[in-house]
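The structure appears below as C-alpha cells.
The values are calculated or read from the model by the stated rules, or taken from the named source; none is laboratory data. Since the structure is predicted, the reported quantities are computational estimates derived from the model, not experimental observations. With ideal geometry, Cβ positions are generated from the backbone for all residues, glycine too; neighbour counts draw on all protein chains shown. Surface areas here come from the heavy atoms of the whole protein model, side chains and all, with no ligands, DNA or RNA. Shrake-Rupley method; radii C 1.70, N 1.55, O 1.52, S 1.80 Å.
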Amino acid sequence: MEERILNLLKKHALSRKVILEFFSSTFETNKALDNLINKGEIVYHNHKFYLPYMLNLVKGKITSIKDRFSFASIENQEDGYISNYNLNGAFIDDEVYLRREYSNGYEAYEVVSIIKRGRKQIIGEVVFKKGLYTLITKDLASKDVEFVVNHSEVSLFDGYIVRGVIAKETKTRVYIDVVSIIGHKNDPGVDIERIIRSHDADIEFPLEVREQLKSIPSKLETEDYENREDFRSRLIVTIDGEDAKDFDDAVEVERTPNGYLVGVHIADVAHYVKEGSPLDKEALSRGTSIYVTDRVVPMLPVELSNGICSLNPNVDRLVTSCIFEVDNFGNVINSRITKGVINSKARLTYTYVNKLFKHQLDKNEHISFEVDQMLFILNEVARKIRKRRIRLGSIELESTELKFVCDENNHPIDIIKRKQDEAEELIEDLMICANEVVSQTIENLKVPFAYRIHEQPKSKKIDMFMLISTHLGYRPNFSSLNVTPKELSDHLSQIEDRSKKEILSMILLRSLSKAKYSEQNLGHYGLASESYCHFTSPIRRYPDLLVHRLIDRYLISNDVSVNNELEDKVRFICENSSIKERRALSIEREVIDLESAKYMLDKVGNIYSGMINGMNSNGMFVELQNGINGFIDFETLEDDFYVYNETLMCAIGRRRNNKFSLGDEVKILVEKVDIETYEITFTLINHNKTTKIVSKKEVRKVKRGKKHGRY
C-alpha cells in the first residue's frame with residue numbers, strides 16, 4: 001500500500017480525498033499515509049500530500065527556541081535560522097521538513113511539516129489564569145503557543161510541576177492530559193527533576209526491568225569462572241572519585257625488560273545485560289548515565305551498577321581485560337584482549353593517590369607499601385603514554401568542572417572548582433591507551449565496529465580562532481584549511497599568560513567539531529589518534545557495552561562474519577548514542593546554570609573580580625574566580641556607547657575609544673539573578689584599561705556646566 005501511494009505521488013501532489021478514491025480500504029489507506037508521514041517519506045502541506053523533493057525540502061531537527069527566533073540542525077550544513085513566526089507549531093527536538101527562504105538578504109528556513117515529535121512528555125508549571133489551568137514550559141515552544149491543561153481527576157494548584165502528554169493541538173494551543181504530579185516548584189529537588197524530565201529522560205526503571213533484576217545473581221557462580229584468565233592473585237586496584245559508587249575499571253602494572261606491562265580490567269557488563277533483554281532495551285533507550293548535582297540518573301539500575309558489575313574490593317568480579325606492553329617512549333609494543341576474573345585489592349580515591357604523589361600522606365594513611373610502589377610505577381608509565389600522545393599532537397585543553405556543595409534542602413552553599421591532578425590524568429592516560437588498543441585491534445579485522453570519532457574542524461571556525469589569537473598577541477603560523485592537531489597543540493603550549501591561555505583554550509574548544517560515535521573510522525582529531533573507541537565505561541555508556549559484545553563476537557568466539565543486520569545495528573546504536581550523549585550534556589549544563597543562579601541569589605549587591613571570557617552584540621560574559629558566569633549589558637556602560645567588533649571579539653567605545661577585550665580583568669557588582677531563566681546579570685564597577693566611568697546624571701551636569709560657561 002505504501003509503495004503504491006509513493007508511486008501515485010511521483011506524478012502529482014494529491015489531497016487525502018483524491019488518494020482515497022484510488023484504494024478500496026479507507027482504513028488501510030489512512031494508516032499507510034500516517035506511516036509515510038511518520039517516516040518522513042511524504043509531506044502534508046496546504047491540504048495536499050507531496051514527496052519532499054517536490055517542495056525542495058531538507059530534513060532538520062529543532063535544537064533551540066528563543067524569544068523571537070530558533071535554530072535547526074541540518075545534516076552536513078550549518079545550523080538553520082528560523083523566525084518563530086515560521087516555526088508553525090514545531091517544538092524543541094522535533095524532526096521537521098524545512099524550506100529555505102531569504103529574508104533581507106539572509107538565509108533562513110520555514111518549517112513546512114513536522115515529521116516526528118521529539119518529546120514523549122510535556123513538563124511544565126501549573127498556572128491558573130482566565131479560568132483555565134495552563135502550563136509554563138521552558139524553551140519548549142515559541143511564546144505564542146499556549147499549553148492548556150484538560151480536566152484532571154487530581155486537584156491542581158499554582159506552582160505544581162506536572163508531567164503530561166499531548167491530547168490535541170492547534171497551531172497556537174496545545175491541550176495536555178496530566179499523567180503525574182512531580183511536586184511543587186519550591187520542594188527540594190523538584191527543580192532538577194523538572195530539567196531531567198523536560199529533556200524526555202526517564203528516571204524510574206520500568207516494571208519489566210525490575211522483574212529481570214530478580215534473576216541477576218549477587219555473586220559469581222561456579223560456571224562463571226570457566227574459560228576465563230585468572231587475575232585474582234595479582235595486585236589490581238580501582239582509582240575513582242570520593243563519591244563514586246560504581247567502579248567499572250581497575251588497573252595494574254609491573255616492570256618488564258622492555259618497559260612496563262599494563263593491565264586495564266573493565267567490568268564485563270555484557271555477561272549480565274543480554275542483548276534484546278528488558279535491561280538492554282532500557283539501557284539503549286537511556287544511552288548514558290546522567291550526572292547532576294543531587295543525583296545520578298543511571299543507565300543501568302544500581303543493583304547492577306553498584307553490585308555484581310561493580311569492581312568492588314575483595315570480591316571476585318568478571319572482566320574484559322586489555323593487557324598491553326609499553327616501552328620507555330610510551331609506545332604500545334604488543335597487546336592482547338581477554339576475558340578474565342579479578343579480585344580488586346583496594347578501592348583507592350583520587351585524593352589518596354594525589355596526596356601520595358605529593359608526599360602528603362600521614363604514616364597511618366598508607367594502605368600498603370606494595371600498593372604505593374605500584375602507584376608510582378603506574379604514574380611513570382602514564383606520563384610516558386601522555387608525552388607520546390602530546391608529541392603526536394594531542395590537544396591538551398584546560399578545563400574546570402564545577403561541583404556544588406548543597407545543604408539538606410539541596411540549596412548550593414559552596415562551589416568547588418575541580419581540575420585534573422596527577423591521579424586523574426593517570427587514569428585518563430591508561431583508559432585512552434586501552435581504548436586505542438581495542439579500536440586498532442578490531443579495525444584490523446575489517447568488521448563493523450563503533451568508533452569514537454572527532455572530525456577535522458571547519459576552516460571558518462579556525463579562522464576566527466586565529467584572528468582572536470592574533471589580536472591577543474599570539475599570531476598562528478598555520479593554515480585553517482588543513483591545520484593539524486599538533487600545530488594547534490604547539491600553538492597553545494607557547495602561550496605563557498595563563499588568563500589568555502584559558503581564553504584561547506575555551507575558544508578553540510568551541511571551534512572544534514563535537515566528538516560522536518560512528519560506524520566509520522574517521523579518526524579522533526583532538527587526541528591525534530588514527531583509531532579510537534569507547535571501551536572502558538560499559539556501566540555508564542551504551543557504546544562501551546556494544547564494544548564489549550563485539551569483542552566477544554570477533555575475538556572470543558572468532559566469529560568475523562558480516563551481514564546487513566549487524567551493520568545496520570551498529571550504525572543505529574552509534575547514531576542513537578550520539579543523540580543521547582548530547583541530551584545528557586544539555587541536562588548537565590542546564591543544571592549547572594540553575595545551581596549557579598541559586599548560589600548567587602543571596603549575593604545580589606556583592607562585588608567580585610572576574611575575567612571577560614565572551615562577547616556578543618549585546619554585551620560581555622564575565623567569569624568570576626569561583627567559576628560562575630554572568631552577563632554585562634553594553635547599555636549599562638554609561639561612559640561610552642560600545643560597539644561589538646566580531647572579528648576581534650572586543651567592544652570599542654565610539655566616543656572615547658575605550659576598549660574591552662577577551663581576558664580583561666574587571667570588577668563587577670551582582671545586579672540581578674533570575675531563577676526562572678537562570679540568568680545572572682552583572683554591573684561593571686571599574687576597569688583598569690578604561691577611563692573613569694561616570695553616571696548619566698554626572699554627564700548631564702557637565703554638559704549643562706559647559707553650556708553656561710562654568711567649565
Within the stretch 643-657, how many residues are assigned to a loop (DSSP other than H, G, I, E, B) and loosely packed, with under 14 Cβ neighbours inside 10 Å? 6
Restricting attention to the stretch 264-284, does a residue exist that is among the aromatic types (Phe, Trp, Tyr) and farther than 21 Å from Val438 by Cβ? no
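Let me confirm something: among Thr338, Thr288, Thr256, which residue is touching an Asp or Glu at 6+ places or on another chain (Cβ under 7 Å) and under 22 Å from Glu428 (Cβ atoms)? Explain how you work it out, then say what you get.
Numbers: Thr338 fails: under 22 Å from Glu428 (Cβ atoms); Thr256 fails: under 22 Å from Glu428 (Cβ atoms).
Being touching an Asp or Glu at 6+ places or on another chain (Cβ under 7 Å) and under 22 Å from Glu428 (Cβ atoms) holds for just one of Thr338, Thr288, Thr256, which is Thr288.
Taking the stretch 339-348 on its own, how many of its residues are in contact with a helix residue (DSSP H, G or I) (Cβ under 8 Å, 6 or more places away or on another chain) and not charged (D, E, K, R)?
3
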By residue number, the members of the stretch 393-417 that are modelled with pLDDT of 85 or more, among the polar types (S, T, N, Q) and surrounded by fewer than 16 Cβ atoms within 10 Å (Cβ to Cβ) are Asn409
Every residue from the stretch 276-306 that is open to solvent by 50 Å² or more (accessible area, probe 1.4 Å) and either within 28 Å of Arg232 (Cβ to Cβ) or of a type in the set (Phe, Trp, Tyr) (or both): Tyr291, Val302, Glu303, Asn306
Please go through the stretch 445-494 and give me each residue that is in a strand (DSSP E or B), farther than 20 Å from Arg391 by Cβ and not aliphatic (A, V, I, L, M), ordered by number. Tyr451, Arg452
Of everything in the stretch 520-563 that's in a loop (DSSP other than H, G, I, E, B) and aliphatic (A, V, I, L, M), which residue is farthest from Ser285 (Cα to Cα)? Ala528
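Among the residues of the stretch 360-392 satisfying the criterion of being among the acidic types (Asp, Glu) and free of Cβ contacts under 8 Å to residues at least 60 places away in the same chain, which is surrounded by the most Cβ atoms within 10 Å (Cβ to Cβ)? Walk me through it before giving the result.
In the first step, residues of the stretch 360-392 are kept if they are among the acidic types (Asp, Glu); the result is 362, 365, 370, 372, 380.
Filter once more, keeping what is free of Cβ contacts under 8 Å to residues at least 60 places away in the same chain: 362, 365, 372.
On the way: Asp362: 7, Glu365: 10, Asp372: 15.
Per the criteria, the residue is Asp372.
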His47 is checked against (1) surrounded by 18 or more Cβ atoms within 10 Å (Cβ to Cβ); (2) at positive phi and fails just one. What number does that condition carry? (1)
Looking only at residues in the stretch 498-513 that are touching a residue at least 12 places away in the same chain (Cβ under 8 Å) and open to solvent by 50 Å² or more (accessible area, probe 1.4 Å), which one is nearest to Lys461 (Cα to Cα)? Arg510
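Considering only the stretch 99-150, state which residues are closer than 14 Å to Phe69 by Cβ, of a type outside the set (D, E, K, R) and touching a residue at least 24 places away in the same chain (Cβ under 8 Å).
Kept after step one, since they are closer than 14 Å to Phe69 by Cβ, are these residues of the stretch 99-150: 101, 103-104, 106-111, 139, 141-144.
If we keep only those that are of a type outside the set (D, E, K, R) too, we end up with 103-104, 106, 108-109, 111, 141-142.
Within the stretch 99-150, Tyr106, Ala108, Tyr109, Val111, Ala141, Ser142 qualify.
Name the strands (runs of 3 or more DSSP E) wholly inside the stretch 75-150 in which the number of residues that are farther than 17 Å from Gly40 by Cβ and open to solvent by 30 Å² or more (accessible area, probe 1.4 Å) is 2 or more.
On the way: elements: 80-83, 95-103, 106-116, 122-129, 132-136, 146-149.
Fully inside the stretch 75-150 and qualifying: 80-83, 95-103, 106-116, 122-129, 132-136.
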